[in-house]
Amino acid sequence: MALAISLHILSAVVWIGGMFFAYMALRPVTAILLEPPVRLKVWEQVFKRFFPWVWMAVIVLLVTGFWMVFGFGGMAKVGLYVHLMIGLGIVMMFIFMHVYFGPFRRLQKAVAESNWTEGAIKLNQIRLLIATNLVLGLLVVVIAAAGRYI
């Protein structure tokens, strides 16, 4: 169980921490310092490197999450806070998959075609979806830390 918990927490830190860094630090700096064509190329490359880590985190979170649930006796035996974490985590995973297969793919196409207007639209869609996932992720962290005490 210690291995499952450790891998679960590390995966959450990679995903949520990456979103926090990208949204709160990298995004404002690129908006100030980089012209749109360079900014879009930078973001396309950042996502290209970050998203494989998110895919790995999603898989590890699912496997270790259900490993722990069934290690504790199944869904009927875990508290409401665990059900909330699972539900919100699955919503986050669907949002990420939408970003990956939708706006990110179209951002890549726009950058390849030097279509900066379309690229900016897609980057803004990604920004809004990542902001949503970041809020959900931080909420999941609070639920994980404090849920059993409520």
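The values are calculated or read from the model by the stated rules, or taken from the named source; none is laboratory data. Keep in mind it's a predicted model, so treat the numbers as computed, not measured. Here the Cβ is made from the backbone with ideal geometry for all residues, glycine too, and neighbour counts use every protein chain on show.
List of remarks:
- Being part of a helix (DSSP H, G or I), touching a Lys or Arg at 6+ places or on another chain (Cβ under 8 Å) and either exposed (fewer than 15 other Cβ atoms within 10 Å of the Cβ) or of a type in the set (Lys, Arg) (or both) is a description that does not apply to Arg105.
- All positions within segment 98-150 that are among the basic types (Lys, Arg) and over 22 Å from Glu35 (Cα atoms): Arg148
- One residue alone among Thr64, Thr30 is without any contact (Cβ under 8 Å) to a residue 40 or more places away in the chain, of a type in the set (S, T, N, Q) and assigned to a helix (DSSP H, G or I), and that residue is Thr30.
- Residue in segment 82-92 that is part of a helix (DSSP H, G or I), within 26 Å of Val42 (Cβ to Cβ) and not hydroxyl-bearing (Ser, Thr, Tyr) present: yes
- Residue check for Arg49: charged (D, E, K, R) and either in contact with a helix residue (DSSP H, G or I) (Cβ under 8 Å, 6 or more places away or on another chain) or surrounded by 15 or more Cβ atoms within 10 Å (Cβ to Cβ) (or both): no
- The single residue among Met97, Met75 that is surrounded by fewer than 16 Cβ atoms within 10 Å (Cβ to Cβ) and at pLDDT below 95 turns out to be Met75.
- Segment 108-143 - residue that is among the charged types (D, E, K, R) and within 20 Å of Ala22 (Cα to Cα) and, of those, surrounded by the fewest Cβ atoms within 10 Å (Cβ to Cβ): Arg127
- Considering the conditions (1) in a loop (DSSP other than H, G, I, E, B); (2) touching a residue at least 40 places away in the same chain (Cβ under 8 Å), Tyr100 is excluded by exactly one of them, (1).
- Whether a residue is of a type outside the set (Phe, Trp, Tyr), surrounded by 13 or more Cβ atoms within 10 Å (Cβ to Cβ) and at pLDDT below 95 was assessed, and Gly147 passes this test.
- Residue within segment 49-60 that is assigned to a helix (DSSP H, G or I), more than 15 Å from Trp15 (Cα to Cα) and modelled with pLDDT of 95 or more present: no
- Of all residues in segment 64-84, none are within 16 Å of the chain's Cα centre (by Cα) and within 27 Å of Arg127 (Cβ to Cβ).
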